[in-house]
Each structure stands twice: as C-alpha cells, then as structure tokens.
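Trainee: Let me begin by handing over the structure; questions about it come next.
The values are calculated or read from the model by the stated rules, or taken from the named source; none is laboratory data. Just so you know, these numbers come straight off a predicted model, no measurement behind them. No Cβ is skipped: glycine too gets one built from the backbone with ideal geometry, and neighbour counts run over all protein chains shown. Heavy atoms of the whole protein, side chains included, go into the accessibility calculation; ligands, DNA and RNA do not. Shrake-Rupley method; radii C 1.70, N 1.55, O 1.52, S 1.80 Å.
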Amino acid sequence: MEPNKQRNELLAQTLIKNLKRRHIAGFYCPTSAEAVKKVSELIVDGSSVTWGGTMTVRDIGIPEALKSRGTLEVFDRDMVETPEEKQAIYLKAFSSDFYLTSANAISEDGVIVNIDGNGNRVAAITWGPKKVIFIIGLNKVAQTVEAALARARSTASPINAARFDIKTPCHVDGVCHNCNSSESICNYVHFLRNSPKERHIVVLVGETLGY
C-alpha cells in the first residue's frame, strides 16, 4: 500500500474509534465515488433528504445520485429561484429524515467544528432531522479542537468569503481578523462533542474535499 493511503487508512480508523466513543457512527471511503455509494446506502427508500451549503456534497455528485434513484423526496435549494422558496427548503430540513452536510474541521479525537453565517446549517446539525450525515475529506482533520477551530476560521472562512464575494476583512487579505463585520460568515460557532440518540453519522473520505 502507498504510504499516503496507508496513513489515510490508519487516521480514518483512529477517527472512527474516537467517533464511536461519542455515539457517532463512522465509515471510511478511500474515494469520492465510494463515498457517494456509501451515503446512498445509508439513505433508505422513501426517505426525505436535503443538505446545507456544502461544496463537498455538490462536488462529488451526491445530489444527482440521490435524485436518480427516484425513490426519495429530495429538497434541493439550488433548484429554486426565489428567497422565499429557499427559505421554505431551509425549514423543511428540520423535518427531513436525512440532512447532509460537511464540516469545516474535525479534531483527531472526533469533535466536529462548523462555523456559519446564517446559522441554518448548524441549527439542523443540532436539532430536527432524524439523521445527519457528514461527508468529510481527511484534509479537514486537525490535531486538536483548538486547531480545528483555527482551521475553520483561518482556512475555510476566508475561502468561503471569497466564494460568496462578501466584504469582510478576510476576503481582502485572506487572514482572519476576528471581525464584527455586518457581512461576517463567522456568526455561529458549533462544536459537536457527542451525538444524542446517535443521530449523527460521519463518512470520511481519503481525498481533499471542500474548503
């Protein structure tokens, strides 16, 4: 086995063990294609499903795979036109059977860190959907919770600020300023330490995914 693949396998198994202690089921998929298949397997026919503002889910083709089954009720906010329609899908997330998302970072001991501007994603992670499935590339693993938070603020947030073309200091120079900008996308900081009622599932992917 190639050294990088061996390291990914060992890291993933360590994470899965630590997630289990937190009542979170974990799976490892070396490739995106395998991750799409695993996510589809986890979502049973007849379920309702939606997702947050995650590039990972979109980039690896999960929406298309789920829609092509024809056996799921899929709420896709990218397919609506008005703010009112999008808001309606945000609200549907709380009564969905499955909510898909990624993470800004995950610590080696299994704490999942996310930062939101609007709060809809972290709200759904916290409460509502019957199951939440995270799809997380191993590029988002950080050594500690503090390092995971630093990654979320100093790596993910400036990139997302550029993606949304918002006027924050980090968009100007790529550095987190701990700002209080009216356009800040770092308004809600969320740590998932344990999964009440085992609602959460993590699919780790041995590729660089998302931001």
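Trainee: Is at least one residue of segment 161-184 among the β-branched types (Val, Ile, Thr) and either in contact (Cβ under 8 Å) with a residue 24 or more places away in the chain or under 14 Å from Ser102 (Cα atoms) (or both)?
Mentor: no
Trainee: Can you confirm whether Ser154 is in a helix (DSSP H, G or I), open to solvent by 50 Å² or more (accessible area, probe 1.4 Å) and not aromatic (Phe, Trp, Tyr)? If you could, list the steps in order and put the result at the bottom.
Mentor: Details: in a helix (DSSP H, G or I): yes; open to solvent by 50 Å² or more (accessible area, probe 1.4 Å): yes; not aromatic (Phe, Trp, Tyr): yes.
Against the criterion (in a helix (DSSP H, G or I), open to solvent by 50 Å² or more (accessible area, probe 1.4 Å) and not aromatic (Phe, Trp, Tyr)), Ser154 qualifies.
Trainee: Which of the residues that make up segment 44-71 are closer than 18 Å to Gly128 by Cβ, of a type outside the set (S, T, N, Q) and either in contact (Cβ under 8 Å) with a residue 60 or more places away in the chain or out of contact with any Phe, Trp or Tyr (no Cβ under 6 Å at 6 or more places or on another chain) (or both)?
Mentor: Passing the criteria: Trp51, Gly52, Gly53, Val57.
Trainee: Would you be able to say whether some residue in segment 178-187 is among the polar types (S, T, N, Q) and on the phi > 0 side of the Ramachandran plot?
Mentor: Checking segment 178-187: at least one residue is among the polar types (S, T, N, Q) and on the phi > 0 side of the Ramachandran plot.
Trainee: Could you figure out which of (1) closer than 17 Å to Gly210 by Cα; (2) touching a residue at least 60 places away in the same chain (Cβ under 8 Å) isn't true of Leu19?
Mentor: Result: Leu19 passes all but (1).
Trainee: Against the condition among the small types (Gly, Ala, Ser) and out of contact with any helix residue (DSSP H, G or I) (no Cβ under 9 Å at 6 or more places or on another chain), how does Gly110 come out, does it pass?
Mentor: no
Trainee: Got a number for residues in segment 168-211 being open to solvent by less than 50 Å² (accessible area, probe 1.4 Å), in a loop (DSSP other than H, G, I, E, B), more than 30 Å from Lys5 (Cβ to Cβ) and not polar (S, T, N, Q)? Before you say what the answer is, go through the steps one by one.
Mentor: First, the residues of segment 168-211 that are open to solvent by less than 50 Å² (accessible area, probe 1.4 Å): 168-170, 174, 176, 179, 181, 184-186, 190, 192, 195, 199-206, 209-210.
Still in the list and also in a loop (DSSP other than H, G, I, E, B): 168, 174, 176, 179, 181, 184-186, 195, 199, 206, 209-210.
From what's left, more than 30 Å from Lys5 (Cβ to Cβ): 168, 174, 176, 179, 181, 184-186, 199.
Still in the running and not polar (S, T, N, Q): 174, 176, 179, 185-186, 199.
The total comes to 6.
Trainee: While we're here: Could you tell me whether any residue of segment 117-135 is open to solvent by less than 50 Å² (accessible area, probe 1.4 Å), outside any helix (DSSP H, G or I), touching a residue at least 60 places away in the same chain (Cβ under 8 Å) and more than 20 Å from Ala25 (Cβ to Cβ)? Spell out how you get there, then give the answer.
Mentor: Initial filter on segment 117-135 (open to solvent by less than 50 Å² (accessible area, probe 1.4 Å)): 117, 119-125, 128-129, 132-135.
From what is left, the residues that are outside any helix (DSSP H, G or I) are 117, 119, 128-129, 132-135.
Going one step further and asking which of them are touching a residue at least 60 places away in the same chain (Cβ under 8 Å), we end up with 117, 119, 129, 132-135.
Those left that are additionally more than 20 Å from Ala25 (Cβ to Cβ): 117, 119.
So far as segment 117-135 goes, yes, one or more of its residues are open to solvent by less than 50 Å² (accessible area, probe 1.4 Å), outside any helix (DSSP H, G or I), touching a residue at least 60 places away in the same chain (Cβ under 8 Å) and more than 20 Å from Ala25 (Cβ to Cβ).
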